[in-house]
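The values are calculated or read from the model by the stated rules, or taken from the named source; none is laboratory data. Everything numeric in this text was worked out from a predicted model, so none of it was measured. Here Cβ is always computed from backbone atoms with ideal geometry, including for glycine, and neighbour counts include all displayed protein chains.
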Amino acid sequence: MAKNNYSQYQKAVISGYYNNLDTIMLQKLGELVTELYLADTKAKQNRLWQRANKAMLKLKVPPAIIDHIMEKKDVQVLAKNLQDWLANKKKK
């Protein structure tokens, strides 16, 4: 495997991405909630729920909560949890 030689700027961008990954994933989940409300087909909803599941995994949401949300597949449940996560993020 080749060694990656990144410039200082590239290193700073990469570091910034990983330092803000939780904020990025929360934003993505917010966008997914909106898309789920507007989804008009079951197939589109399923794809969006899969993306929401991946985002929650990256956020390191406890598996029990992810399982509950994915079992219900209720946008309001996801939106309520997202509000709680955003409120907790602001407290930190």
| said: Yes or no: the stretch 58-72 includes at least one residue that is part of a helix (DSSP H, G or I), under 23 Å from Lys90 (Cβ atoms) and modelled with pLDDT under 95. | reply: yes
| Just a yes or no: is a residue in the stretch 8-21 modelled with pLDDT of 95 or more, hydrophobic (A, V, I, L, M, F, W, C), in contact with a helix residue (DSSP H, G or I) (Cβ under 8 Å, 6 or more places away or on another chain) and part of a helix (DSSP H, G or I)? | no
| So which pairs qualify, if the first residue must be in the stretch 62-76 and on the phi > 0 side of the Ramachandran plot, the second must be surrounded by 12 or more Cβ atoms within 10 Å (Cβ to Cβ) and not aliphatic (A, V, I, L, M), the Cβ gap must be under 7 Å, and the two must be at least 6 apart or on different chains? | Lys73/Trp49
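This table checks each residue for (1) free of Cβ contacts under 8 Å to residues at least 40 places away in the same chain; (2) within 30 Å of Lys91 (Cβ to Cβ); (3) hydrophobic (A, V, I, L, M, F, W, C).
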residue	(1), (2), (3)
Ala12	yes, yes, yes
Tyr17	yes, yes, no
Asp22	no, yes, no
Val33	no, yes, yes
Asp40	yes, no, no
Arg47	yes, no, no
| Out of all the residues in the stretch 34-50, which are surrounded by 14 or more Cβ atoms within 10 Å (Cβ to Cβ) and either at pLDDT below 95 or more than 19 Å from Gln83 (Cβ to Cβ) (or both)? | Ala39, Gln45
| note | Filter the stretch 6-27 for residues that are more than 16 Å from Val77 (Cα to Cα) and within 11 Å of the chain's Cα centre (by Cα); the one that is surrounded by the most Cβ atoms within 10 Å (Cβ to Cβ) is Met25
